[in-house]
Amino acid sequence: MQGLTIGEAATGSGWSPRMLRYLERADLVVPRRTGGGYRLYGLLELNQLRSLQQLRQRYGVGIDDVAFAARLKREPALRAAVETWLAGSSLSALDWEQRKHEQLLAA
């Protein structure tokens, strides 16, 4: 397979050309480019588009959710910050009060 243009890929995958461009900007499905800069979608990209659609339907997630999950995987500092925030947000009210009092006593 030489590759499909963005219009052909859109028709074959059920995604719109605009959405295909968005997926590329989000680094979710990145087709190769011709020397002239045209996108060419191969079998890999078409399979990614199909599996992304299945993922969205099965788990009820949006493209932005998947894009953020991919970003967490690519950016360790962001992942660490989110994990720290999640750990802090699961504190019980008692833990929160204890930390508040410790900070007051330390001041």
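Residues being surrounded by 13 or more Cβ atoms within 10 Å (Cβ to Cβ) and assigned to a loop (DSSP other than H, G, I, E, B): count how many of those fall in segment 1-11.
2
Where residues in segment 12-37 are at pLDDT below 95 and among the hydroxyl-bearing types (Ser, Thr, Tyr), which of them is surrounded by the most Cβ atoms within 10 Å (Cβ to Cβ)?
Ser13
For segment 46-107, which helices (runs of 4 or more DSSP H) that fit wholly inside it have 3 or more residues that are small (Gly, Ala, Ser) and closer than 28 Å to Gly3 by Cβ?
63-74
Those residues that are more than 18 Å from Val29 (Cβ to Cβ) and open to solvent by 100 Å² or more (accessible area, probe 1.4 Å), I need them from segment 60-83; list them, please.
Hit for segment 60-83 is Glu83, nothing else.
Mind listing whichever residues of segment 1-33 are among the β-branched types (Val, Ile, Thr) and touching a residue at least 24 places away in the same chain (Cβ under 8 Å)?
Thr5, Ile6
Looking for whichever is free of Cβ contacts under 8 Å to residues at least 40 places away in the same chain and on the phi > 0 side of the Ramachandran plot here; the options are Gly37, Gly88. Which one fits?
Numbers: Gly88 fails: on the phi > 0 side of the Ramachandran plot.
Just a single option satisfies the conditions, and that option is Gly37.
The values are calculated or read from the model by the stated rules, or taken from the named source; none is laboratory data. On a predicted model such as this, the values are computed, not experimentally measured, just so you know. Positions of Cβ are generated from backbone atoms using ideal geometry, with glycine treated the same way; all protein chains shown enter the neighbour counts. Surface accessibility is based on the protein's heavy atoms, side chains included, excluding ligands, DNA and RNA. Shrake-Rupley method; radii C 1.70, N 1.55, O 1.52, S 1.80 Å.
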